[in-house]
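A.B. asks: Before I ask anything, here is the structure I am working with.
The values are calculated or read from the model by the stated rules, or taken from the named source; none is laboratory data. On a predicted model such as this, the values are computed, not experimentally measured, just so you know. Here Cβ is always computed from backbone atoms with ideal geometry, including for glycine, and neighbour counts include all displayed protein chains. The protein model used for the area step is the full one, side chains on, heavy atoms only, and it has no ligands, DNA or RNA in it. Shrake-Rupley method; radii C 1.70, N 1.55, O 1.52, S 1.80 Å.
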Amino acid sequence: MLNEALKQKVSELLPTTAFDEGGEWLNINIEATDWPAFAQHLRNDGSLFFDYLFCLTCVDWKTHLTMVYHLSSTKHRHNMVIKIKLDRDKPEIETASGIWRTAEFHEREVFEMFGVNFINHPDLRLLILPDGWEGKNPLRKDFEDPVNMIKL
Amino acid sequence: MYRETEILTRANQSTAHESEDSGDLVINVGPQHPATHGVLHLVITLNGETIKNVEPHLGYIHRSIEKMCESLTYRQFIYVTSRMDYLSAHINNQACALCVEKGLQVEVPQRAQVIRVLMAELTRIASHELWWGAMAMDLGAFTPFFHAFRERETINDIMEETCGARLTMNYMVPGGVMMDIHPHFQQRVKDFIQLYRKKIHEYDELVTGNIIFQNRMKGVGILSAEDAISYGCSGPVARGSGASCDTRKYYPYDAYNKVQFDEVLETGGDSFARYLVRVREMQQSINIIEQLIDNIPEGDFQAKTKAVLKLPKGEFYQRAETARGELGVYIISEGGTTPYRIKFRSPGFSNLSVLGHIARGCKIGDLIAMMGTLDLVIPDIDR
Amino acid sequence: MWSFSNIANLVHEVLAEHFNPAITLAIEMVIAGVSVIGLFAILGLVLVIMERKVSAWMQIRLGPNRVGPKGMLQSLADTLKLIVKEGMTPNGADKLLFNLAPFIAMIVAMLLMAPIAFAKDLQMWDLNIGILYVSALSSVTVISILMAGWSSNNKFSLLGAMRSGAQIVSYELSAGLSALAIVVLTGSLQISEIITSQANGWWIFKGHIPAIIAFVTFIIAVTAETNRAPFDLAEAESELTAGFHTEYSGMKFALFFLAEYVNVFIMCSIAATLFFGGWMPLHIGNWHKFNHVMDFIPSSIWFFGKTFFLIFVIMWFRWTFPRLRIDQLLDLEWKYLLPITMFNLLLVTAVAILGWHF
């Protein structure tokens, strides 16, 4: 499905969506509260069928955090990027691990690196960082580590 | 087996962090363990010899490459990425260079594109050779490792001549490749192809056709196509389950749309299918090299680019097919000389996440075999 | 022609002249003991260097080539290193059992040397239940492995020991039944009688198909019994790091290591004795001239040649095959080898009763 058709389909599903068409793929901005139901639609709708979550990450914009989901369909071979703005002080979003199993690991990574709390995640613990790093979020822009970081 | 469990239960009582009543044995495989090929740490729960649960603990070689890249320029950060998946260093560099080129909207000369594909395919063969040997070693056969290294060494020599390095090549730069190929390059690659064609049947005789090997691999660690996609698997792991996902086919980059090759698919989904995919992929890589080696177009090996690269404000995503699967490079630029945020979607990280799913109910020996067929490179997982 | 019995008698006579009978016996025992220890050490060194050279040859590399001519003294240097290394005992280990286990392994290997005929008349103890003695003692090895695994307080060791327990106990059966096939043909358990019964041809040729089947099953069972690849599940280094000897270091580790190699030697020499006539030269029926020519080759060369050939075969297995899984290992024994050897025993009994062998 082409970007135009995707756009039409998505605006039928979620009329409030804001689109952003700078890049190669269709970018859509949605609210965190819409995410669980919308994700179910994306995965299960026959004409969308986004079954492959190939990248899940977060970006710290200093004023807010943005969750970025890169989705692809192995049936229709179309791609889409979903962005969800989160509050920087209390970032919370529903987990996608029930829909795409790969999200379980990626969300754990985002949890420790950005401090995003994934609601209903089956196993939200530190994955990469050792014990004692709870609450410190190294990939946030204001993270300081005088010992290990070398400023150029 | 039952008597074994009883005795194991007694041994359990001396250790603190285990459940008291279930009779399970918790074992730490790694971070220093011969089968993890690096510093992977798996906490496995056993009942006798049967695995009940596998839980990976990562981060022993986490260098925070994503954070480092935020303070490196677009020319510099490529060199760090050689250290991620060090067995497909070329392809990591290539993906990064392609992503920067996408932002700069630079046209890469034909010659550079072909050289890139040649190098990437040689890298893929070298990586699969090492995997083949290491996986046989996981199963307890040592000899294949040395036989695989005989061929891999030839590739390393070819790389050394042209790139000046054997493992972390740093050969791809935004706009093309760093320098032109060595005058002997074409001849030596042809020699290698000849050597490889002569030796490949040894691989089948020594390992593929071996009855013990087949018994160890067939029907073990079965992963369905749906699960493979849902777990985000890519590369030979997904293709072994019949999930078509070759980035070179679906999102061709560089000269991949000019060559003929087949995407290798197996439907078994077990360890043996993953094994066959990789062995046959080496053949396909040889095919690609054969098509290109005599047809390297004349011209520049690098496009003219500025000394200091500045990407326009925006987001750029580039996929590439490494030896382990789909590598994604996601650059967010604010218009400066360094990326604002960079994310590497490493294939190993997703492929590892499936281990707990497929290993449940298997024996310890099977777990090691499965880890072998997932082809885990730990620096790629940890980044 | 001089023989080992002449030398032994000479030594005995010289000693008997100077000392009373009790002291003579004591001195002779000391000589025998020293030779066993010497042979144990030399065999260990030779087999280690042999294994390393064989593996190097199969893996297209050179192997050790720095110490001594062509690296032949490498294992001596390794032994020196192991002797001066600190032998550590883990904190949580059962100290007595932990330190005892390697010695049990070594003692068993040494005891097994007693009934072996190394050459004509060179045999320490020709007891009338030779095969039974070997079969019984070789299963004591499992006790040392279980002790080592249990007392190390290491989970890998324990798993390795449990695997090895299951493995050795089951493969013992096939090894025993395969050896029985030859015992049935010979009608004796005594090693010297088994050898002399092959004076007109080795059992592998005389015994028809049942002897060949028995030989194949015996070699498989023996490989498993000595924990060699592809049955090295007790050590399985890619799975259990080093299995039952994970916690051992220095000389205690070396004793396990040596005992393993000496066990391989003993098992191969038993196979050579049972199926290839031990020190008996290659004789064919009543071709007297041919037999006479063969007799000129010293009996010790025949024995060591056969034994080392079998050792080479077992090394060949190790450097070619991948390892089996524990359930496949037990399947192989209980579902295939054991029925085959049992049926073969019936077959061989029929052959022996009907006199179908040569």
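A.B. asks: Scan (1) open to solvent by 10 Å² or more (accessible area, probe 1.4 Å); (2) β-branched (Val, Ile, Thr); (3) within 10 Å of another protein chain (Cβ to nearest Cβ) for the single condition residue B:354 breaks and write down its number.
C.D. replies: Residue B:354 satisfies all of (1) open to solvent by 10 Å² or more (accessible area, probe 1.4 Å); (2) β-branched (Val, Ile, Thr); (3) within 10 Å of another protein chain (Cβ to nearest Cβ) except (1).
A.B. asks: Quick one: residue A:35 ticks every box in (1) outside any helix (DSSP H, G or I); (2) closer than 29 Å to residue B:340 by Cα except a single one, so which number is it?
C.D. replies: Looking at each condition in turn, residue A:35 falls short on (1).
A.B. asks: When the stretch B:210-240 is examined, which residues are found to be open to solvent by less than 10 Å² (accessible area, probe 1.4 Å), in a loop (DSSP other than H, G, I, E, B) and within 14 Å of chain A (Cβ to nearest Cβ)?
C.D. replies: B:223, B:232, B:233, B:234
A quick yes/no check of all residues on (1) under 29 Å from residue B:338 (Cα atoms); (2) open to solvent by 10 Å² or more (accessible area, probe 1.4 Å); (3) not in a helix (DSSP H, G or I):
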site	(1), (2), (3)
B:43	no, yes, yes
B:87	yes, yes, no
B:122	no, no, no
B:127	no, no, no
B:133	no, no, no
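A.B. asks: Scan the stretch A:25-34 for residues that are without any contact (Cβ under 8 Å) to a residue 40 or more places away in the chain and surrounded by 13 or more Cβ atoms within 10 Å (Cβ to Cβ) and report the count.
C.D. replies: Adding up the residues that qualify gives 1.
A.B. asks: Of the residues C:214, C:234, C:221, C:166, which is closer than 30 Å to residue C:55 by Cβ, assigned to a loop (DSSP other than H, G, I, E, B) and of a type in the set (A, V, I, L, M, F, W, C)?
C.D. replies: Just one listed residue meets the conditions, C:234.
A.B. asks: Also: If residue C:289 satisfies every condition in (1) within 14 Å of another protein chain (Cβ to nearest Cβ); (2) among the charged types (D, E, K, R); (3) surrounded by fewer than 24 Cβ atoms within 10 Å (Cβ to Cβ) but one, which is the exception?
C.D. replies: (1)
A.B. asks: Return a yes/no flag: does the stretch B:142-158 have any residue that is touching a Lys or Arg at 6+ places or on another chain (Cβ under 6 Å), assigned to a helix (DSSP H, G or I), away from chain C (no Cβ under 14 Å) and closer than 24 Å to residue B:261 by Cβ.
C.D. replies: Yes - at least one qualifying residue is present in the stretch B:142-158.
A.B. asks: Could you please give the count of residues in the stretch C:88-123 that are assigned to a loop (DSSP other than H, G, I, E, B) and surrounded by fewer than 16 Cβ atoms within 10 Å (Cβ to Cβ)?
C.D. replies: Count: 3.
A.B. asks: Pick out the one residue from B:249, B:199 that is open to solvent by 10 Å² or more (accessible area, probe 1.4 Å), assigned to a helix (DSSP H, G or I) and within 14 Å of chain A (Cβ to nearest Cβ).
C.D. replies: B:249
A.B. asks: Okay, next question. Looking only at the stretch B:181-196, which residues are in a helix (DSSP H, G or I), touching a helix residue (DSSP H, G or I) at 6+ places or on another chain (Cβ under 7 Å) and open to solvent by 20 Å² or more (accessible area, probe 1.4 Å)?
C.D. replies: Matches in the stretch B:181-196: B:186, B:188, B:190, B:195.
Yes or no, residue by residue, for (1) within 26 Å of residue A:27 (Cβ to Cβ); (2) in contact with a helix residue (DSSP H, G or I) (Cβ under 6 Å, 6 or more places away or on another chain); (3) open to solvent by 60 Å² or more (accessible area, probe 1.4 Å):
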| site | (1), (2), (3) |
| --- | --- |
| A:82 | yes, no, no |
| A:105 | yes, yes, no |
| A:108 | yes, no, no |
| A:113 | yes, no, no |
| A:123 | no, no, no |
| A:126 | no, yes, no |
| A:132 | no, no, no |
